[in-house]
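As structure tokens, the structure follows; a few thoughts come after it.
The values are calculated or read from the model by the stated rules, or taken from the named source; none is laboratory data. Please read these numbers as outputs of a predicted model, since none were measured by experiment. In this analysis, Cβ positions are derived from the backbone assuming ideal geometry, glycine residues included, and neighbour counts consider all displayed protein chains. Note: areas computed on protein heavy atoms with side chains; ligands, DNA, RNA excluded. Shrake-Rupley method; radii C 1.70, N 1.55, O 1.52, S 1.80 Å.
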Amino acid sequence: MVKILFGTESGNSEMAADDIAQILRDEGFNAEVVPMDEADVASLADQDFAIIITSTYGEGELPETTQPFYDALQQVHPDLCNLHFAAFGLGDSSYETYGNGIDTVAALLKELGATQISTTGRHDAAKSELLPEVCTAWARAIIPLAAGSLNLAA
Ligand SMILES: Cc1cc2nc3c(=O)[nH]c(=O)nc-3n(C[C@H](O)[C@H](O)[C@H](O)COP(=O)(O)O)c2cc1C
């Protein structure tokens, strides 16, 4: 089971999570979309693979449903050495703090022992590419990496 955790302020990250989940399901994987503010951070220690999605708000800050997830990770401090993850960030390159949100969460996951597969995917709201196209292309690209390294059950 792949957990797809999203944190959002205005809903775009949830749409990306749903689109990415559909790509995984089309390829035969089990995928569950979980809002970050409802996630059980301790159970991440028992998870093989997760996809982490968040936007950035304020001046490079975490959106409102990502912040409690981040705070809980810091507080619970789970040992994530068994966890592999892929990261996708939403932002706007007209901000100096472009994409800080996903970089902040990915850095903490790595500090807790998790291993990131592939480079962080990004959607830039300042560019003309549509979010569904960018996130589904990214999802298709990470499937071989996730399936190959983790032997996920199809
Ligand atoms: C008030 C406001 C502040 C924002 N601040 C940033 C920022 O600091 N860095 C960034 O990369 N994007 C920033 N963004 C862009 C959002 O991350 C982007 O619109 C994203 O698609 C929103 O996704 P969400 O609906 O999942 O929260 C900001 C957007 C708004 C409306």
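Some notes on this structure:
- Between Asp71 and Glu59, the modelled labels are 2.1 nm apart [label points 7 Å from Cα along Cα→Cβ].
- Percent accessible area from carbon and sulfur atoms, the stretch 5-154, protein chains only, probe 1.4 Å: 46 percent
- DSSP bridge pairs, the chain: antiparallel proportion in percent, nearest 5: 5 percent
- Potential lengthening between Ser94 and Thr115 on full extension [0.36 nm per residue; Cα-Cα distance subtracted]: 4.6 nm
- Hydrodynamic estimate: the Kirkwood radius of the chain over Cα pairs, inserted into Stokes-Einstein at 37 °C and 0.692 mPa s, corresponds to D of 216 µm²/s.
- Simple label model, 7 Å out from Cα along Cβ direction - Met15 to Ala137, nm: 1.7 nm
- Modelled FRET efficiency - R0 35 Å, Ala107 with Ala42, Cβ distances, 0.05 increments: 0.95
- Under-5 Å amide H pairs with Val2, H placed in peptide plane, nonlocal only: Asn30, Ala31, Glu32
- Candidate membrane-span-like segments in the chain, meaning DSSP H helices with Cα atoms spread over at least 15 Å of their own axis and a Kyte-Doolittle mean of 1.0 or above, are 131-150, with no membrane implied.
- Mean ellipticity per residue at 222 nm, deg cm²/dmol - from DSSP H runs of n ≥ 4 across the chain, formula -39500 (n - 2.57): -12000 deg cm²/dmol
- Using a probe of 1.4 Å on the protein chains alone, the accessible area found for Tyr70 is around 40 Å².
- Of Glu61, Glu96, Glu38, the residue with the largest accessible area leads and the full order is Glu96, Glu38, Glu61 (1.4 Å probe).
- In the complete set of protein chains, residue-level accessible area for Lys127 is approximately 120 Å², probe 1.4 angstrom.
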